Amino acid sequence: MSWQAIDRRTVPESELGPGISQAAREKIRHFFSRYPTKRAALLPALHIVQDQIGYCSLRAMREVAELLEIPPAAVMDVVSFYTMFWTHPRGRKVLMLCRSISCQVMGADKVQAAIQQKLGIGEHQTTPDGQFSFVTEECLAACDHAPCLMVNEKMHKRVRVEDLDRILSDPDSDKLDLPRSDLYDAPK
Amino acid sequence: MSGRLTIDGRVVEFAQGETILDAAVRTGVEIPTLCKGDHLKPEGGCRLCMVEVEGRRRLEAACHTPASNGLVVHTATPRLQALRRDLLALVQSEHGPSAFQRASDGHKFQRLFAEHGRPNHFGSASEAGKADDSHPYLRFDAGLCVNCRLCLNVCEQVQGQFVWGTVGRGGNVRMAYGPNERFDDGPCVACGACVDQCPTGALFDLDRATVIAPAAKATDSVCGYCGVGCRVRIESADNRVQRIAGVPEASVNRGHLCVKGRYAHAHHHSPDRLTQPLLRENGGWKPIRWEEAIAWATARLAEIHAKHGPHALGAMTSSRSTNEAAYLLQKLFRTRFATNNVDCCARVCHSSTALALGIATGTGAASTSYDDIERARLIVVAGANPTEAHPVIGARIKQAALRGTPLIVIDPRRIELAEYAHLHLALRAGTNVQLFNGLAKVLIEERLFESEYITQRCAGIDELRGRLERLSLDDVERVTGVSARLVREAARRMGAARPCLFVSGLGLSELTQGTESVMTFCNLGLLTGSLGKPGAGMMPLRGQNNVQGNADMGGMPDRVTGYQKLDDPAVLERLERIWGKRPPSWPGKTIPDMLDAAAAGEIKALYIQGEDPAQSDPNQSHVIQALQRVELLIAHELFLSETAKLAHIVLPAAGVFEQEGTFTNAERRIQLVQPAVDPPGEARPDWRIIRDVAIALGEQWNYSGPAEIMDEIAKAAPSLFGGVSFDRLAGDGIQWPCPDRNHPGTRTVHGERFVSGKGKLTSVDYRPSPEKVSGEFPYLLMTGRVLEHYNVGTMTRRTPNRALADFDALEINPTDARRERVRDGQRIRVRSRWGEAQAIARLTDRVAAGSLFLTFHFPETHANLVTSAYNDPLSKCPEYKVTAAAIAAM
């Protein structure tokens, strides 16, 4: 396509980050038959990328664009719209704390201060050992369980400051029974 | 629906499909807009064009509300004015306080704000960061961007490049050019269309970013790069080109340009431009005065002519200069020196096309106009890569394909257009005749051809049918590598859609079977009944800005001005009446023959006007040998090119923006070229140099200027140019044939009947090229161009285009690269039976395994040391497109 015809390769290899694996490509291709256009498979494709790499690297975004035959700018468009897509490496576990009104009323501010103090990082930062990143989210849609905190895929409800040590030390605090991208069950 | 509506009390007619805004613009009522561009679909984002419609409670956006009968529209009520004030103030509040002071005045947003806005009462955002100036030509200052999306829309709807996207959401949305958000890394082809659209100056040309004074002068002329012939508006001040823009109303380009036409103009002011005549002396160059130079050159020419006769002289007219210059040079050699040894560089590009179409239809030029691209029912692109070599036409074809016009690409490489094609027939280089015969066979056998057209207007169908009966599609598949199924499908699509538009390039003509490639391609045009119909016909894309005109003017050894035959006594008589001397009737030598004769010592003097055969012609070592052997080599040049370095005297010529005259483009359109700046130093226009040489040789040439020369051309070849005169060429010029002053010019040739009477179908078999792959030379090498550079690069290498592409790349398939242990970006040696070149490897699956593709823009590459000495026996066009080669990493 026209946007592939010009390839100046001005970005050094080292800044492109990792690319997507053959297995991930296969998985993305499985989605093509489910939609009228390849472009429509962009969201599941980006979830697959994040599952594999941990974030949407520059190289991966270009590769997804190529695979879906859409301009790289269209990939960036979607990546930048959704806060769950990351364009730079993140910690192994991402803590997402709800900052909407119900959670605030129920003590989210205190939880936030405690997390930042325990990990020594601010918002959108990652601990030096690469274990944790921290962000706040507009709403996690679970007001009845406020304040709530997601660790990667898993939701923790009615979180109190004293729960944090357990959540931070539990190796399985982020595990769902199956990864989110598998929820889009591609036809076999 | 069409009808009438009332806008601000005026009754306005509207046509089917028009919006309220369209109707208002046509009437001269100005409705402010920020996000609507000419020829672009409405975006409907800025809301400035809101109007009141009587009987409707809410306001309507004029840009996308269809006009309908009886509407009563008000465009400037107090309610609307208040709305516009607030909208503009809100837009401004999103930017830093000094944002719009940074942009130069005269941008649309600043103008609208002055007219409709009011002091911003919403506060303002903090100052934005630094602008992105990573690209050599384009700068993006996000602090000035108002998210109107015009850049995105023009990029998609005109250029078809899809560079732009938006990032973020809500109030944080901003324009971006992809994941890396750096201009120089994006897919941008620097056509510059977004700069023309940008209403605030957020997008700006870097080439004029430092220019403080506004342009003092705007001159309309024609681009000096490829044969598309885009009309340009040259803004200049202090005798320097400041900026080049497309002429919005131009028929050829509708305001659009490419990176070469718009930006690559710095060579005009390059410090190594030639400013004085140079005489070779003691191995060096001695600058001399014009009078001396003319006297020296004419004395040597006259001496060689007197001593060795007319056969010892030859001339190459320039496809880069004007019609008037080419006409004068061939006239000089045909009259004063009584020789037809006159040729031009069309010999080494489209001579096969001109000859083939001439034989098949009676005229060697395109039968079509560019407007046929938008009317076509199916487009076939064969052996041409227009998105790189003819970018404005490439963009128009791409847009047609995006709109759904079926596209069939026939090319060994997966060129950009192949990605948009319904079918890509990736044939082996040089096997065109076999493939076209296969397609013709299916058209005939399945009775998909236009039988009435063939029986009434064409000859040769029985012979062709008979010959193609002996050909099997399995043979076609074996030779071309294109599956029989694909051949059949392509033919069926052509047959079903007929008539079709057939676009071709040098991939057909630069072969030992070049002429026959074009003839068999033209068979497809005839069988589908395409020639002479709107939206259909043959469209060869010409290479240089005036290669069409150069051949038209008689820059060829066997035909004189207007393709008139030299053995026609009526023609010779007419020319004798006008020229005072009768040109000889024996045919002269072609460029390859002249070079052979020079190498053999038979041609003693060569006059080369603005051409660089030492770099551009194949089998380079032989060419250089020939040029070194002649006793006199005269060159007109802008720079000391590889050829000029071998000359005895170099005459400094004026560049494309420094002279007056005409260029003729690939759709036979003669357009006016006007000077925007003065030539540097003592450089002179080619026509004047040739006139002065003729006068010094004793000829009574009193031309006062190009207009007078054109009047003579009209008399010399009345059937094509009889009605052409400078006073009729303003605007879009005239498409020949134009036989008299009342004739409007010709959009479509062969309308009622073929120029030659009957169209001729050609029956010919495929013959393999003498260049064959072997154990020692296992690859087939093709040569060609990239977007950023023009041919031998004399002009583009002296511009910031170098920052976009700084070397010749050899494209190689990754499978072959693995076997040869070649890495991407590695310097490699390319060898053939003829010589050796060096280039940088570029691994890509755009070339098939077993094929290589090399560009020839940089002299240090010596691409033409590798190409063969073979040429088409009919046209003498060299075989640049097939050379057996080997590669090795360095």
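The values are calculated or read from the model by the stated rules, or taken from the named source; none is laboratory data. Fair warning: this is a prediction, and the values are worked out from it, not measured in the lab. When we count neighbours, we look across all protein chains shown, and the Cβ atoms used for this are built from the backbone with ideal geometry, even at glycine. Note: accessible area is taken over every heavy atom of the protein model, side chains too, but ligands, DNA and RNA are not part of it. Shrake-Rupley method; radii C 1.70, N 1.55, O 1.52, S 1.80 Å.
Between residue B:537 and B:500, B:501, B:502, the built amide H atoms are under 5 Å apart, and every one of these is 5 or more places off in sequence or on another chain.
Its Cα gyration tensor gives chain B an equivalent ellipsoid. The semi-axes, each the square root of 5 times an eigenvalue, are 46, 33, 29 Å from largest down. Sorted largest first, the spans of the alpha carbon positions of the stretch A:93-169 along the three principal axes are 34, 21, 19 Å. When shorter helices are ignored and each DSSP H run of at least 4 residues is given -39500 (n - 2.57), the per-residue value for the protein assembly as shown at 222 nm works out to -9000 deg cm²/dmol. Seen against the Cα atoms of chain B and their longest principal axis, helix B:706-716 is set at about 60 degrees. Amide H contacts of residue B:789: none lie under 5 Å away among residues 5 or more positions distant or on a separate chain (H built 1.01 Å from N in the peptide plane; Pro and chain starts excluded). The label point for residue B:93 and the one for residue B:157, both projected 7 Å from the Cα toward the Cβ, are 3.0 nm apart. In degrees, nearest 10, range 0 to 90: what is the angle between the Cα axis of helix B:432-445 and the longest Cα principal axis of chain B? That works out to roughly 70 degrees.
The slack between residue A:14 and residue A:104, meaning 0.36 nm per residue of separation minus the straight C-alpha distance, is 28.3 nm.
Considering all different alpha carbon pairs of the protein assembly as shown, the Kirkwood hydrodynamic radius works out to 32.1 Å. In chain B, the DSSP beta bridges split such that about 60 percent are antiparallel, to the nearest 5.
In terms of accessible area, using a 1.4 Å probe and ignoring ligands and nucleic acids, B:130, B:760, B:307 rank largest first as B:130, B:307, B:760. Computed from the Cβ-Cβ distance with R0 of 30 Å, the FRET efficiency linking residue B:272 to residue B:628 stands at 0.85. Highest average first, the peptides B:166-174, B:546-554, B:429-437, B:629-637 ordered by how many other beta carbon atoms sit within 10 Å of their residues are B:546-554, B:429-437, B:629-637, B:166-174.
Think of a 1.4 Å ball rolled over the protein heavy atoms: the protein assembly as shown then has 38 Å² of accessible area per residue. Solvent-accessible area of the stretch B:3-76 (1.4 angstrom probe, protein heavy atoms only): carbon and sulfur portion equals 47 percent.
Per-residue packing, averaged as other Cβ atoms within 10 Å, sorts the ranges B:150-159, B:344-353 into the order B:344-353, B:150-159, beginning with the highest. Averaging Cα coordinates gives a centre for the stretch B:5-25 and one for the stretch B:627-688; these two points are 51 Å apart.
DSSP beta bridges confined to the protein assembly as shown are antiparallel in about 60 percent of cases. With 0.36 nm allotted per residue and the present C-alpha distance subtracted, the residue B:375-residue B:700 stretch has 112.1 nm of extension available. For residue B:600 and residue B:299, the FRET efficiency from 1/(1 + (r/R0)^6), where r spans their Cβ atoms and R0 equals 22 Å, is about 0.30. Applied to the stretch B:657-669, the Karplus parametrisation 6.51 cos²θ - 1.76 cosθ + 1.60 on θ = phi - 60° returns per-residue 3J(HN,Hα) values of 8, 10, 8, 10, x, 9, 10, 10, 8, 5, 9, 6, 8 Hz, with x for Gly and Pro.
Taking 0.36 nm per residue of sequence separation and removing the Cα-Cα distance, the residue B:451/residue B:68 pair yields an extension gain of 133.3 nm.
Contact order for chain B, expressed relative to its length and based on alpha carbon pairs under 8 Å spaced 6+ residues apart, stands at 13 percent. Scaled to the globular estimate 2.2 N^0.38 Å, the Cα spread of the stretch B:124-264, given as radius of gyration, is 1.08. Neighbours of residue B:236 by Cβ distance under 13 Å: Lys/Arg scored +1, Asp/Glu scored -1, total -1. Computed from backbone phi, the HN-Hα couplings of the stretch B:456-471 come to 7, 10, 10, 10, x, 5, 5, 5, 5, 4, x, 5, 6, 4, 7, 9 Hz, rounded to whole numbers (Karplus: 6.51 cos²θ - 1.76 cosθ + 1.60, θ = phi - 60°; Gly and Pro given as x). Using a 1.4 Å probe over protein heavy atoms, the accessible area lost on pairing B with A, summed over both chains, comes to approximately 2300 Å². Partner aspartates and glutamates whose Cα lies under 20 Å from the Cα of residue B:307, excluding those fewer than 8 positions away in the same chain, are identified as B:602, B:631, B:699.
Peptides B:845-855, B:362-372 ranked from most to least packed, by the mean per-residue count of other Cβ atoms within 10 Å: B:362-372, B:845-855. Across the stretch B:584-597, computed HN-Hα scalar couplings (Karplus, 6.51 cos²θ - 1.76 cosθ + 1.60, θ = phi - 60°) run x, 9, 6, x, x, 9, 6, 4, x, 5, 4, 5, 4, 5 Hz from first to last residue, x flagging Gly and Pro. Helix B:569-579 and the longest principal axis of the Cα set of chain B meet at an angle near 70°.
The fraction of accessible area contributed by carbon and sulfur in the stretch A:13-81 is 51 percent, rounded to a whole number (1.4 Å probe; ligands and nucleic acids excluded). Return the whole-Å distance between the Cα centroid of the stretch B:730-773 and the Cα centroid of the stretch B:279-309. Cα centroid of the stretch B:730-773 versus Cα centroid of the stretch B:279-309: 41 Å apart.
Near the amide H of residue B:95, within less than 5 Å, lie the amide hydrogens of B:125, all on another chain or at least 5 residues away, with H placed in the peptide plane. Computed with every protein chain present, the accessible area of residue A:55 is close to 30 Å² [probe 1.4 Å]. Listed by chain and number, the aspartates and glutamates whose C-alpha is less than 20 Å from the C-alpha of residue B:772, apart from same-chain residues fewer than 8 away, are B:411, B:475, B:477, B:510, B:516, B:811, B:816, B:820, B:836, B:872, B:879. Within the same chain, lysines fewer than 8 places from residue B:876 are excluded, and of the rest, those with a Cα less than 16 Å from its Cα are B:589. For the stretch B:519-586, applying the loop criterion from DSSP together with a ceiling of 15 other beta carbons within 10 Å to the trypsin sites (Lys or Arg not before Pro) yields B:581.
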